[in-house]
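Novice: One structure, as structure tokens, below. Some questions next.
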Amino acid sequence: MSFKFTEEQDMIRESVREFAQSKIAPIALQMEEAKEIPRDVIKGMAELGLMTCTADEKFGGPGLSAVSAGVIAEELARADCTGSTCVYYLVPASWGFLLNKYGTEQAKHEIFPKTLSGEWFLGIATTESDAGSDVGGTKTTIKPDGDGFVVNGEKMYISGVREAVTHGGGHVTIAHQTPERGTRGMTCFYLPLTAEGITPTYVDDLGREGISCGGFSIDNVKIPKHYIIGEENRGFYILHEGYEYARALITVICASAGLKSLENGMNYIKERKSFGKSLSQYQGINFKLSEHYTKLNMLRDWGYRALKTIDLEQEGKATRFETSKIVAMGKMFCSEWACDAINTVMQWQGAFGYSRECPDQAAWRAVRSFSLAEGSSEVMKMIVARELLGKKQY
Ligand SMILES: Cc1cc2nc3c(=O)[nH]c(=O)nc-3n(C[C@H](O)[C@H](O)[C@H](O)COP(=O)(O)OP(=O)(O)OC[C@H]3O[C@@H](n4cnc5c(N)ncnc54)[C@H](O)[C@@H]3O)c2cc1C
């Protein structure tokens, strides 16, 4: 499969690059120190149409394709060595895609204007203290209650908790509605984190510190019926479409962060002299450059292929299974390959590479998270193996 970016995608790239290079790149490391993305940066992202960019025009969004969403992700990752704005962008884009496809009109009219303006955050909260990869092991429950539903349980290791609690918004969540039916009895819904009965807690993460990570307990939280996403008891299956969208964007983000780091490294090894020669003149160094550059470009291409497959699926030209497999094949290696490349660049830079001033160490910490976030590398291997062997032989 090969494709060319459209003129519109080239224009998107140009405007996001200009914004990200001038407004995000210079303050990226400061965002980590402050542990937040300045609100004027989020407002700027929203003005460019980046926040929940997958929302249809009907709800005020740009209704971008997955490939176009990938172009934005790539440019943010080039500019933000901490990955914080990438996460702040990719999570609402992916779960906005799910809400746009399966949410009720009422919920979309209520939520999208607020997320599109950058005021609210839209996240994903499936992980619990005792259930991460195994979503079926979720303990949280959702039960019909009067004309709505009542939710009880907890979620943990969730991105954007502080943002949603402080500025408004919520998370796409999943819970057991009919526990005796296992994963066939789970329901997906929107949970506002400002609701009565939500108590947040916070986790001190290793990277992408401009966006918070935390958890929350859910005690008898009432939600209206129109917050249910898709058919009741079908949530487990619906959820995967949001995850796949996020995984494909993450593949492009990892490739971009790695390639940006290699660019930093190339500048360094050309300048830095050791034993009378530039570091770039040693094969022990420049062979590594070739290897990482090749792998990261393969990853970038695969990330766009995954995004294109998602677009094709929406047109009925790719199946659910094709999308899942192609997406998982990219996400499986994205963190590992990007971490490996960035670690090499840190090594090239000697002691400076190990200092907090070096942007590459922040990029390494950010990219490392993606071997877990939105589905671990091992889970990606499970998806591909299951697809190849069939359910009976797996
Ligand atoms: C920075 C960060 C941000 C996150 N943000 C969010 C978020 O916004 N929303 C959200 O819902 N979650 C979020 N997560 C959680 C993430 O989705 C989970 O960490 C991930 O799904 C793995 O779950 P777990 O941590 O419970 O590990 P477990 O599922 O307990 O797995 C532990 C280890 O065992 C491996 N493993 C599990 N089962 C198998 C198997 N069958 N075969 C082989 N290996 C296996 C896993 O790959 C992992 O390496 C985030 C995580 C991080 C690190």
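Novice: Does F121 fit the bill of being aromatic (F, W, Y) and farther than 28 Å from V41 by Cα? Working first, answer last.
Specialist: Numbers: aromatic (F, W, Y): yes; farther than 28 Å from V41 by Cα: no.
It is false that F121 is aromatic (F, W, Y) and farther than 28 Å from V41 by Cα.
Novice: Another question about this same structure. Please find, within region 321-339, the residue that is farthest from S256 (Cα to Cα) out of those that are among the charged types (D, E, K, R) and in contact (Cβ under 8 Å) with a residue 60 or more places away in the chain. Steps first, answer last, please.
Specialist: Of the residues in region 321-339, the ones among the charged types (D, E, K, R) are 322, 325, 331, 336.
From the residues that got through so far, the ones that are in contact (Cβ under 8 Å) with a residue 60 or more places away in the chain too are 325, 331.
Working: K325: 22, K331: 14 Å.
If we take residues in region 321-339 being among the charged types (D, E, K, R) and in contact (Cβ under 8 Å) with a residue 60 or more places away in the chain, then K325 is farthest from S256 (Cα to Cα).
Novice: On the basis of being more than 19 Å from W348 (Cβ to Cβ) and under 22 Å from the mean Cα position of the chain (by Cα), does K308 make the cut? Steps first, answer last, please.
Specialist: Details: more than 19 Å from W348 (Cβ to Cβ): yes; under 22 Å from the mean Cα position of the chain (by Cα): yes.
Criteria met by K308.
Novice: Any residue in region 305-320 that is within 18 Å of G63 (Cα to Cα) sitting within a Cβ distance under 9 Å of a residue that is surrounded by fewer than 18 Cβ atoms within 10 Å (Cβ to Cβ) and among the small types (G, A, S)? List the pairs, counting only those 6 or more apart or interchain.
Specialist: Sorted first by the residue in region 305-320, then by its partner, the pairs are K308/A318; T309/A318; I310/A318; D311/A318; L312/A318.
Novice: To continue, here is another question. Only one of G330, G390, G353 is exposed (fewer than 14 other Cβ atoms within 10 Å of the Cβ) and away from the ligand (no atom under 11 Å from the Cβ); which?
Specialist: G390
Novice: Give the residue, chosen from T138, T126, that is within 15 Å of V91 (Cα to Cα), hydroxyl-bearing (S, T, Y), touching a residue at least 24 places away in the same chain (Cβ under 8 Å) and within 15 Å of the ligand (Cβ to nearest atom). Write out each step before concluding.
Specialist: Numbers: T138 fails: within 15 Å of V91 (Cα to Cα).
Of T138, T126, the one residue that is within 15 Å of V91 (Cα to Cα), hydroxyl-bearing (S, T, Y), touching a residue at least 24 places away in the same chain (Cβ under 8 Å) and within 15 Å of the ligand (Cβ to nearest atom) is T126.
Novice: Here's another thing I want to ask about it. From the residues in region 205-220 that are within 23 Å of A77 (Cβ to Cβ) and either more than 10 Å from the ligand (Cβ to nearest atom) or of a type outside the set (A, V, I, L, M, F, W, C) (or both), which one is surrounded by the fewest Cβ atoms within 10 Å (Cβ to Cβ)?
Specialist: Result: D205.
Novice: Just to confirm my filter: which helices (runs of 4 or more DSSP H) fall fully inside region 82-172 and include at least 1 residues that are among the polar types (S, T, N, Q) and touching a Leu at 6+ places or on another chain (Cβ under 8 Å)?
Specialist: Numbers: elements: 84-102, 105-116, 161-167.
The helices (runs of 4 or more DSSP H) meeting that bar are 84-102, 105-116.
Novice: Yes or no: W337 part of a helix (DSSP H, G or I) and within 16 Å of the ligand (Cβ to nearest atom)? Step through it out loud before you land on a result.
Specialist: Working: part of a helix (DSSP H, G or I): yes; within 16 Å of the ligand (Cβ to nearest atom): no.
When the stated conditions are applied, W337 does not pass them.
Novice: Can you tell me how many residues in region 223-235 are in contact (Cβ under 8 Å) with a residue 40 or more places away in the chain and either on the phi > 0 side of the Ramachandran plot or loosely packed, with under 15 Cβ neighbours inside 10 Å (or both)? Show your work before the answer.
Specialist: From region 223-235, those in contact (Cβ under 8 Å) with a residue 40 or more places away in the chain are 223-230, 232-235; that's our starting set.
Those still in the list that are either on the phi > 0 side of the Ramachandran plot or loosely packed, with under 15 Cβ neighbours inside 10 Å (or both) too: 230, 233.
Number of matching residues: 2.
Readers should treat all values here as calculations from the given coordinates under stated rules, not as data from a laboratory. Computed from a predicted model, the values in this text were never measured in an experiment. Virtual Cβ from ideal backbone geometry, glycine too; neighbours counted across all protein chains shown.
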